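Take a look at the structure set out below.
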Amino acid sequence: MALMDAKEYDPRPAEKRRKIIATAVVVVIAVSVYLYITRYDSEKKVINNFFQAIEQKDFDKAYGIYEGDPDWKQHPEKYASYSANQFKMDWGPQGEYGVITSHRVDCALEPPKKEFAAPSGVVIVVIINNRAEPRSMWVEKKSKTVSDSPVPVACHGAQ
């Protein structure tokens with residue numbers, strides 16, 4: 001084969017490689033954005049389940065969600081520091097919000113790093129009964145227990 005007999009350049013393999021790389025980059029970016037947007041969905045779901053149980057006046061279920069233990073009735077002594085009766089007084093009709101009929105998760109975010117070196121939970125900001133003042137709730141990442149947030153957080157458009 002002489003120099004002048006070389007095959008003509010075919011741009012298709014290089015073009016195909018560029019398309020594969022571009023597609024992979026787009027997929028990685030899309031997956032990263034999706035994971036970022038949904039990073040607190042499991043904690044939001046816990047809060048939604050908690051408030052739905054309260055709205056349905058199923059305080060036993062709500063207490064189980066709050067304590068992260070649906071079988072809490074099997075060992076109520078474990079929760080003596082915050083009993084189911086106290087829970088019902090706090091979240092029932094005579095509580096701060098009266099009868100809770102609606103809720104909306106406003107946002108979910110981690111607490112400020114300057115106050116928590118390695119936060120173990122997520123702050124979920126909830127609007128209860130369409131009140132102007134939101135309530136900051138805390139959901140532990142591992143146990144999914146619920147409590148009041150140790151820090152009040154405003155959403156400022158965060159999700």
When Rg/Rh (Cα atoms, Kirkwood Rh) is calculated directly from the model, which label among (1) 0.95; (2) 1.15; (3) 1.34 fits?
(3)
Relative contact order for the chain, counting Cα pairs under 8 Å that sit 6 or more residues apart, in percent
19
May I ask you to order 47-60, 142-155 by the average number of other C-beta atoms within 10 Å around their residues, highest value first?
47-60, 142-155
How would you order 91-103, 126-138 from highest to lowest mean count of nearby Cβ atoms within 10 Å?
126-138, 91-103
Can you compute the charge dipole magnitude of the chain about its Cα centre, using +1 on each Lys and Arg Cβ and -1 on each Asp and Glu Cβ, nothing else charged? Give it in debye, rounded to the nearest 20.
520
Value of [θ]222 nm, deg cm²/dmol, for the chain, DSSP H segments ≥ 4, -39500 (n - 2.57) each, nearest 500:
-12000 deg cm²/dmol
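Every number here is computed from the coordinates shown, using simple stated rules; none is lab data. This one's a predicted model, so the numbers in the text were calculated from it and none came from an experiment. Every residue, glycine among them, receives a Cβ derived from its backbone with ideal geometry; neighbour counts consider all protein chains shown.
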